[in-house]
Amino acid sequence: MQGCIVAVGAHAADVEFMCGATLLKHAVNGWDVHIIHMTLGEKGHPELSPCEYGAQKREEAEKAARLLKAVVHFMPFKDGELYVGDEPATELAKLIRRLRPNVVLTHWRMSIHEDHIATHRIVHRAIFMASNPHFEIDGLKASPYPRLYYAENWEDAEGFVPFVYVDITDVFSEWEKAFKSYAIGRGEAGFPYWDWYLATARLRGIEISVMYAQAFAVEIHRMRRVAQLL
Ligand SMILES: [Zn+2]
């Protein structure tokens, strides 16, 4: 195994839309890939009940994960009710200690959706707890601090500055299939998700002279470089 990459999204579909191609690229390069959905996004349908739509989203997520060669994990939290606290952080820290990822991907810190902001903060808290040996979490050994990247999401645009780019051209068509495992990915909810993510992948590709790319933000302290001379 080359390494382990874990992506954490607020709602089923967030991870696949914002960084699914990057995950698949890691899988085909021998990495162990895990997708964690904090909620199913079950309150997102105008007619179906949360129970009905949650069941549909779970099936869609399982299909998408198979296509992306990833293991999918569902956390027990409710759409629109995610909060920053030690209960969700401890649940996530347990998984992080078991999986021991080298890389974690999640939402950028700013968003128009409260669940996305909460997920960003829960991920930070969970990584801190998982990596500090003085937190007792189910007898699990502390895990190394992973490299953390923030994926690009149409709802998390405020202040997002792309820094690291991944060329996804060779996995693009498989990513599109996984994306369209979801009804919302096929445009059935009215919002043109695919058009936005397709256009963004092309734009990021143009910026690095390839066909398609996904871009990630990092904390400012991770951009520091030391030079003896400029
Ligand atoms: Zn979302």
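The values are calculated or read from the model by the stated rules, or taken from the named source; none is laboratory data. Since we're looking at a predicted model, the values are computed, not measured. In this analysis, Cβ positions are derived from the backbone assuming ideal geometry, glycine residues included, and neighbour counts consider all displayed protein chains. Remember, those area values only see protein heavy atoms, side chains included, never the ligands or the DNA or RNA. Shrake-Rupley method; radii C 1.70, N 1.55, O 1.52, S 1.80 Å.
Summary of values
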| read-out | value |
| --- | --- |
| Scope the range 125-170; condition within 16 Å of the ligand (Cβ to nearest atom) and either touching a strand residue (DSSP E or B) at 6+ places or on another chain (Cβ under 8 Å) or among the polar types (S, T, N, Q) (or both); matching residues | 150, 151, 152, 153, 156, 160 |
| Residue 197 being part of a helix (DSSP H, G or I), within 16 Å of the ligand (Cβ to nearest atom) and modelled with pLDDT of 95 or more | yes |
| Check on residue 137, open to solvent by 60 Å² or more (accessible area, probe 1.4 Å), in a loop (DSSP other than H, G, I, E, B) and either of a type in the set (A, V, I, L, M) or within 26 Å of residue 217 (Cβ to Cβ) (or both) | no |
| Tally of residues being under 15 Å from the mean Cα position of the chain (by Cα) and within 16 Å of the ligand (Cβ to nearest atom) across the range 171-186 | 1 |
| Unmet criterion (only one of (1) within 13 Å of the ligand (Cβ to nearest atom); (2) modelled with pLDDT of 95 or more; (3) in a loop (DSSP other than H, G, I, E, B)) for residue 44 | (2) |
| Any hit, the range 28-35, residues being more than 16 Å from the ligand (Cβ to nearest atom), in a loop (DSSP other than H, G, I, E, B), of a type in the set (S, T, N, Q) and farther than 21 Å from residue 118 by Cβ | yes |
| Residues that are part of a helix (DSSP H, G or I) and open to solvent by less than 60 Å² (accessible area, probe 1.4 Å), drawn from the range 57-72 | 57, 60, 61, 64, 65, 67 |
| Every residue from the range 73-121 that is in a loop (DSSP other than H, G, I, E, B), open to solvent by less than 40 Å² (accessible area, probe 1.4 Å) and within 16 Å of the ligand (Cβ to nearest atom) | 75, 77, 79, 82, 108, 111 |
